[in-house]
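Enquirer: The structure under discussion is supplied below as C-alpha cells; questions concerning it will follow.
Computed from the coordinates by the stated procedures, all read-outs in this text should not be read as laboratory data. Just so it is clear, the model here is predicted, and its values are computed rather than measured. All Cβ positions, glycine included, derive from the backbone under ideal geometry; neighbour counts span all protein chains shown.
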Amino acid sequence: MRAESDINFREAHTRKNHIKLQAGDLSVIYEEGNLRYISAGNSEIIRMIYSAVRDRKWLNIDPEISEEVHEISSGSFKISYKCHYSTEEIDFLAHYTIKGNPDNSIVFSFEGEALKTFEKNRIGICVLHPVEGYAGSMCQIIHSNDEIESAIFPVNISPHQPFTDIKSMKWNIDEYNCQIDFFGEIFETEDQRNWTDASYKTYCTPLGRPFPETMRKGEHISQRVELKVDGDSRTKKTNDKIIKISVSDKSRLRIPPIGVGRSTRPGPLTRNEVQILRNLKFDHYRVDLHLFEPGWLEKADIAAIEAKKLGYKLEFALFFDDRATDMALRFIEWALKTGASIDLILIFHRSESTTPDCVADSLSRRFKAALPGIKIASGTNANFTQINRYRPSSIFNDLICYSIHPQEHASDNTTLVENLMAQQYTVESARNFANGKGILVSPVNIQRRFNANTEYYEQPFKGDKVPPQVDSRLMSLFGACWTVGSLKYLFESEVSGVTYYETAGERGIIQGDHPSRWPDHFPSVKGMLFPVYFVFDFILKSSSYKVVRSRSYDPLKVDCLVLTNGKNSKCILANHTSGMQFVVLQGFTGIFNLTQLNAKSYSEAIFEKNWLKMADKIEVDIKNTLSLEPFSVSFLEEAV
C-alpha cells in the first residue's frame, strides 16, 4: 500500500473549487455552491450559507453542479450555477445566484422546479451560525407579522427550536451590527449541536408543518436570504502563519475508560488479529445483542471468547422488545453459565428512541441483583438529540448514554473537523440533566451506523453495494487526525467512558487478516494497521497520565491533546489540513522526542504494530516552532 494512495482516496472527500472572496470588508470562502466563514476582521459572522434537498427519509441529496460562472473583483463578486438533484425518487433543478456587494452585503438566492412529482422533507436555504462567540448572546427575531422578540442563542443545547417564525434576525458580534433577512418561506432555528454539529441552523420549512410534503411536477420554489453587516471596517483580520496552542497547568483530568466495538465483519477474530489487538489494552469490548432475534446466544458465546482472548471486559448493548423481562432472564442465565466478564450493560428498546424509564428500572434491578458489581447505562443508541428531547430519569442506572457521528448533515472534511468541538458541548449539556450520573458516549464513529429518523438500531445491510456505514477516511491519516480531536474534546469534557469504532475490517482500526470487501471504495490491504491504531496505542499506554486542557487558536487547522503524569508530559498534534502548518506550544518547556505519522512514514507504519516504539525520533526544543506535514499526527514525549 503506497502512501500516496492514502492522500488520493482521502482527498476525494475534500471539497474542491475553494475560492476566497470579498464583499466590501467581508471575507468569505466559496466552495461548490456554498459560502463558508463569512467574516469581518477577526469576527466570524456566519459559518455557512447553503441550500439543502432532503428526501422523505431525511437523507441529503448531493447535486450535480453545472454552468458555473464567476464574476469576481477586488470587493465584490457574482456567482451563478445550476444544481440538479436527482435520485430514483427525486428530480429537482435549481438555478442559484450569489452576490457579494461592496457595501458589506451578501445575497444568496435560487429558483427551482420539480421535474417530476416526489416527496421531500426539505428544500431550501440554510444559514449556519457559529457557536463560539454566539452562545449566550442576544439577538432580535422579527416575525412574519413584524413583531419583534428579544432572544438568546442557547448556551446549553436546546432540545427544540429556540427561534421560530423568522422573517429577519439582528445581532451584534464584537463591534459589528448584523442583519439577515429571509424571503420566500418561513424560517426557524434549531440547535445543531444535538447532532454534534458545531452551529445553530436557520432553515425552512418549519417542522411544525406535516412532512414529508409532496412536490408536484412543474411546481416552483423561490427563496432568498440577504446578509448586511455594519461596523468598524478598520479592524483587519490577523493572518499569523504560526498557530498558537496554549496549555493550561491547572487542569488534571483522568483518562476515561476507552473501549472498542466488536467487528460487524462476518466471522470471529483470527488468532493473529487477537494478538495485534491485545497490544492496545482497551478497557472494554462493545457487543450489540438483539435479544428479540434468533442466534443471539451464538453471537454472545463468540464475543465472550473473543473478549477473554483480548483481555477486555465486555460492554453489552442489549436490545429488548416488549418481552423484556423474559429476555433479561435468559441473558442472565447465559452470563452466569459462561462466567463472562461483564463490566457494563446498555439497555435499549427496539421500538423506542430512548430507553423507557420503566424498562430501565425493572431490568437494572434484575441485572444488579444477579450480576453484582455490574454497571448499567440507559439512554439512546442514536444521537444526543434523542436523550435531550426525552431525558432518561431512571433511578437505578449508573450512566446515561448516547452515540456520536459527525455526518448527520454533511460529509466533507471541513464539516467533520468543525463538528469535533460539538462533542464536548453534548457532554456538558448532558451533565445538566444527568442528575449526577456518569455520561457514556458509545460508540463514536466517523460515519452514521443507521438513520435515527426511521429506526433505532443497526440492521444488516442488504445488497452488493458498499454499506453506507463504511467510510474510507477511517483508514486514512485524516481519520487518525479526526480521532485525536474527538478524544481531546471528550476527555476535556470529563466524559465517564467512551467506545470507538470496531476491531477489524472496513469499520475497524485494523484491516486484519481478510482483504477489503470493497477495494475500489475502501483501498486497504490484508494485514494493514490503520493510522488510528497508533493514536490508541499512544493513549492506552498512557493510562496512568492525566489530561491537561489545551486551546488551539485555529482548531480547524491544528488541534492538540495533552497528557501529564506530574513529572513528564506528552501530547498528540493533529494537522487537519492538506497543507503544511506551523505550531508553537505555549505553556510547555523542555526537550521532547517527536515521531510524526505522515504521508512519508505511512507505508512503513501500517504493517508494524510496534512502529511508535521503533520509528525514528527527532529531538525538539518545545519552545521552538514545530512543522506539521499535511494530515499528519505528531506524537511528542518529554525526554527523560
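Enquirer: What percentages, rounded to whole numbers, describe P(r) for the range 361-453 computed over all alpha carbon pairs with 10 Å bin width beginning at zero?
Expert: The percentages, shortest bin first, are 15, 43, 29, 11, 2.
Enquirer: May I ask you to compute the full-extension gain from Thr589 to Glu619, defined as 0.36 nm times their residue separation minus their alpha-carbon distance, rounded to one decimal in nm?
Expert: On the way: separation 30, 0.36 × 30 = 10.80 nm, distance 1.32 nm.
In short, 9.5 nm is gained.
Enquirer: Can you sort Trp518, Trp296 from fewest to most other Cβ atoms within 10 Å of each residue's own Cβ? Let's see the in-between values first.
Expert: On the way: Trp518 15, Trp296 20.
With the fewest neighbours first, Trp518, Trp296 line up as Trp518, Trp296.
Enquirer: For the chain, build the charge dipole from Cβ charges (+1 Lys, Arg; -1 Asp, Glu) around the Cα centre, then report which of Phe153, Ser601, Ala370 sits farthest towards its positive end.
Expert: Farthest along the dipole direction, towards plus: Ala370.
Enquirer: Which value in nm describes the separation of the simple spin-label points at Arg224 and Lys170, placed 7 Å from the Cα toward the beta carbon?
Expert: 2.1
Enquirer: Another question, if that's okay. Applying 1/(1 + (r/R0)^6) with R0 = 22 Å to the Cβ-Cβ distance of Gln275 and Asp301, what FRET efficiency is obtained, to the nearest 0.05?
Expert: On the way: r = 21 Å, r/R0 = 0.96.
Result of the calculation: an efficiency of 0.55.
Enquirer: With all distinct Cα pairs included, what does the Kirkwood hydrodynamic radius of the range 144-276 come out to in Å, to one decimal, could you say? Can you show the working numbers first?
Expert: On the way: mean 1/r = 0.0480 Å⁻¹.
About 20.8 Å, per the Kirkwood formula over Cα pairs.
Enquirer: Using only the alpha-carbon atoms, how far is helix 477-492 inclined from the longest principal axis of the chain? Give it as 0 to 90 degrees, nearest 10.
Expert: The helix 477-492 is inclined about 80 degrees to the chain.
Enquirer: What FRET efficiency comes out for Thr454 versus Ser248 if R0 is 56 angstrom and r is the Cβ-Cβ distance? Round to the nearest 0.05. Please report the intermediate quantities before stating the final value.
Expert: Numbers: r = 43 Å, r/R0 = 0.77.
Plugging the Cβ-Cβ distance into 1/(1 + (r/R0)^6) gives 0.85.
Enquirer: Let me ask you something else. In terms of the Cα gyration tensor, with a ≥ b ≥ c the square roots of its eigenvalues, is the range 530-621 rounded because a/c is under 1.5, prolate because a/b exceeds b/c, or oblate?
Expert: Details: a/c = 1.58, a/b = 1.16, b/c = 1.37.
Note, shape of the range 530-621 comes out oblate.
Enquirer: Here is a follow-up. I'd like the FRET efficiency for Glu113 and Asp520, computed as 1/(1 + (r/R0)^6) with the beta carbon distance as r and R0 of 35 Å, rounded to 0.05.
Expert: Details: r = 35 Å, r/R0 = 1.00.
After rounding, the FRET efficiency stands at 0.50.
Enquirer: If I model a spin label as a point 7 Å beyond the Cα along the Cα-Cβ vector, how far apart are those points for Thr214 and Val69 in nm?
Expert: About 3.8 nm separates the two model spin labels.
Enquirer: Related question: Compute the projected area of the convex hull of the Cα atoms of the range 78-180, averaged over all viewing directions, and report it in nm² to one decimal place. Present the calculation step by step, with values, prior to reporting the outcome.
Expert: Numbers: hull surface 36.8 nm².
In nm², the orientation-averaged hull projection of the range 78-180 is 9.2.
Enquirer: Please pull out the direction-averaged projected area of the range 256-541, using the convex hull of its alpha-carbon atoms, in nm² to one decimal place.
Expert: Working: hull surface 54.9 nm².
Mean shadow area of the hull around the Cα atoms is 13.7 nm².
Enquirer: If you place +1 on the Cβ of every Lys and Arg and -1 on the Cβ of every Asp and Glu, how big does the dipole about the Cα centre of the chain come out, in debye to the nearest 20? Numbers along the way, then the final one.
Expert: Working: 76 positive and 82 negative charges, 413 e Å.
In total the dipole reaches around 1980 debye.
Enquirer: Please tell me which of these pairs span more than 18 angstrom C-alpha to C-alpha: Lys308/Lys337; Lys541/Lys567; Lys250/Lys613; Lys116/Lys462; Lys313/Lys375; Lys244/Lys541? Please list the in-between numbers first.
Expert: Numbers: Lys308/Lys337 15 Å; Lys541/Lys567 16 Å; Lys250/Lys613 30 Å; Lys116/Lys462 28 Å; Lys313/Lys375 12 Å; Lys244/Lys541 27 Å.
Cα-Cα > 18 Å for Lys250/Lys613; Lys116/Lys462; Lys244/Lys541; rest within.
Enquirer: Report the Cα-based extents of the range 459-602 along its three principal axes, largest first, to the nearest Å.
Expert: 54, 35, 26
Enquirer: Looking only at Cα atoms, what is the convex hull volume of the chain per residue, in Å³? Mind dumping the intermediate values first?
Expert: Values: hull volume 102.7 nm³, N = 640.
Taking only Cα atoms, the chain has a hull volume of 161 Å³ per residue.
Enquirer: Going down the table (Lys57/Lys557; Lys437/Lys609; Lys241/Lys570), which pairs top 29 Å between alpha carbons? Numbers along the way, then the final one.
Expert: Values: Lys57/Lys557 33 Å; Lys437/Lys609 37 Å; Lys241/Lys570 24 Å.
Checking Cα-Cα distances, Lys57/Lys557; Lys437/Lys609 exceed 29 Å.
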